[in-house]
Amino acid sequence: MTGPGLDWPARYHAALAHTFGAPRRVLARAEGTHVWDVDGRCYTDFLSGIAVTVLGHAHPAVGAAVSAQLGQLDHVSNFFATPPQITLAERLGALASPDGRPAHVFFGNSGAEANEAAFKLTRLTGRTRIVAMEDGFHGRTMGALAVTHHPSYREPFAPLPGEVVFAPYGDVDALRAAVDATTAAVVVEPVQGESGVKVAPPGFLSAARAITAEAGALLWVDEVQSGLGRCGEWLVSVADGVAPDIVTLAKGLGNGFPIGACIALGAAGELFTPGSHGTTFGGNPVAAAAGLAVLDTLRDEQLVEAARNLGDHLAAAIAARANPLIALVRGRGLLRGIVLARPIAAAVNDALLEAGWIANAPRPDVIRVAPPLIVTRAELDAFAVALDQAVTAVADGKEGEAA
Ligand SMILES: *Cc1c(COP(=O)(O)O)cnc(C)c1O
């Protein structure tokens, strides 16, 4: 698909906002673990649209649910309710609250919106201070950005909604020192995906739960990336025995259909009252139908357990190559950060793409992978080989420039 009038990169540059840089490829279609570009080249997708397409691309269950819902009832305002919206809220509430605390769900269309809702909810406690984590990421809208740490994301947009302080991720003593009786909430990711797949040290989330409970502050767990099977658990926080006050979800929830959710539990679920927050599209029945199809498929095909085993398989397959340039593989389930011994991740990521693999380099020394949960062991093994070759080729100067 080339020729006059089809110069996609130039047209992209001319027509789109320059927020993302040049697209790596222009893609035309996808199925399962594979995507094809407009020139017909096939790639194996080990990024899943950044941890989104948990069921793989074009999953028939999602397609069927979305088409059927579009044909039956496409959109109503939030003056009305729909069965898929109510059912999905019940299902998410049950996941977040195995202890049976009441759960109240606010639906939006993205992770940032889920976190915006959570941020507003914390203000209704009557307190305004929030403790967020160094290296944390929560989205790009002003509220979500205010609790996001990365200075280059934040600084051009200051002043952001206050009063946010940052504590080192995983440091219980520092968190205890940062939280007091004026703290509205602590926001934390169980696994920090954007900062290179850093897993909270064992016990950190439970310590955060104890510290917030003692201070009368809310524990807001951002599971936008870690949740819904990605890390081998329905919710990492709940699996680790923690009972949060707020859980935010998005990425995997719609398998690519935009939807986000802010789940408020127990007393936190009583803070929003009519008029406190709103959205036109949030809770749309088509998005809710997509979410229900995802939850059903994850359960029926036992993909959450599969993610745990497949993730361990991938880590072992990479370790077995014993490439001295690969320092370690961290993460949980099928959200993995491959830490390189040198800051060559961008060039390695380019070499992988040339070899037909989609991954990403969130840090100069980290390759992140988040394959769909339907990935096969053979594909994981093939990736381990391709990664080994890409790392070696870049280090030998055969491919690209070491960044
Ligand atoms: C991606 C992400 C977000 C933001 O989600 P968007 O849909 O891009 O707004 C928030 N929190 C975490 C942990 C994420 O990984």
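The values are calculated or read from the model by the stated rules, or taken from the named source; none is laboratory data. Predicted model only: the values in this text are computed from it and were never measured. With ideal geometry, Cβ positions are generated from the backbone for all residues, glycine too; neighbour counts draw on all protein chains shown. In case anyone asks, the SASA skips ligands and DNA or RNA and just uses the protein heavy atoms, side chains included. Shrake-Rupley method; radii C 1.70, N 1.55, O 1.52, S 1.80 Å.
Per-structure values
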quantity: Residues satisfying the stated conditions in segment 44-63, i.e. hydroxyl-bearing (Ser, Thr, Tyr) and either in contact with a strand residue (DSSP E or B) (Cβ under 6 Å, 6 or more places away or on another chain) or not in a loop (DSSP other than H, G, I, E, B) (or both); calculated: Thr44, Ser48
quantity: Any chance Ile259 is among the β-branched types (Val, Ile, Thr), within 30 Å of Thr376 (Cα to Cα) and open to solvent by less than 50 Å² (accessible area, probe 1.4 Å); calculated: yes
quantity: Residue within segment 184-197 that is of a type in the set (D, E, K, R) and buried (at least 20 other Cβ atoms within 10 Å of the Cβ) present; calculated: yes
quantity: Hits in segment 70-108 (condition: open to solvent by 30 Å² or more (accessible area, probe 1.4 Å) and within 16 Å of the ligand (Cβ to nearest atom)); calculated: Phe106
quantity: Segment 387-398 residues that are without any contact (Cβ under 8 Å) to a residue 12 or more places away in the chain, paired with ones that are part of a helix (DSSP H, G or I) (beta carbon under 7 Å, 6 or more apart); calculated: none
quantity: Output for segment 357-374, where each listed residue is under 19 Å from Thr53 (Cβ atoms) and open to solvent by 10 Å² or more (accessible area, probe 1.4 Å); calculated: Trp357, Ile358, Asn360, Pro362, Ile374
quantity: Residue match in segment 186-198 (condition: more than 14 Å from the ligand (Cβ to nearest atom) and out of contact with any strand residue (DSSP E or B) (no Cβ under 7 Å at 6 or more places or on another chain)); calculated: no
quantity: When residues of segment 181-198 are limited to those that are in contact with a Leu (Cβ under 9 Å, 6 or more places away or on another chain) and among the aliphatic types (A, V, I, L, M), the one farthest from Ala341 (Cα to Cα); calculated: Ala184
quantity: Of residues in segment 297-311 being crowded, with 17+ Cβ neighbours inside 10 Å and more than 18 Å from the chain's Cα centre (by Cα), the one farthest from Ala64 (Cα to Cα); calculated: Leu310
quantity: Residue in segment 157-168 that is touching a residue at least 40 places away in the same chain (Cβ under 8 Å) and either open to solvent by less than 50 Å² (accessible area, probe 1.4 Å) or not in a helix (DSSP H, G or I) (or both) present; calculated: yes
quantity: Of all residues in segment 232-247 being among the small types (Gly, Ala, Ser) and not in a helix (DSSP H, G or I), the one that is least open to solvent (accessible area, probe 1.4 Å); calculated: Gly232
quantity: Members of segment 109-137 found to be within 11 Å of the ligand (Cβ to nearest atom), open to solvent by 10 Å² or more (accessible area, probe 1.4 Å) and out of contact with any Phe, Trp or Tyr (no Cβ under 6 Å at 6 or more places or on another chain), listed by number; calculated: Ser110, Gly111, Ala112, Glu113, Glu116, Phe137
quantity: Every pair of residues 6+ apart whose Cβ atoms lie under 6 Å, when the first sits in segment 321-334 and is farther than 15 Å from Lys198 by Cβ while the second is open to solvent by 50 Å² or more (accessible area, probe 1.4 Å); calculated: Leu325/Ala341
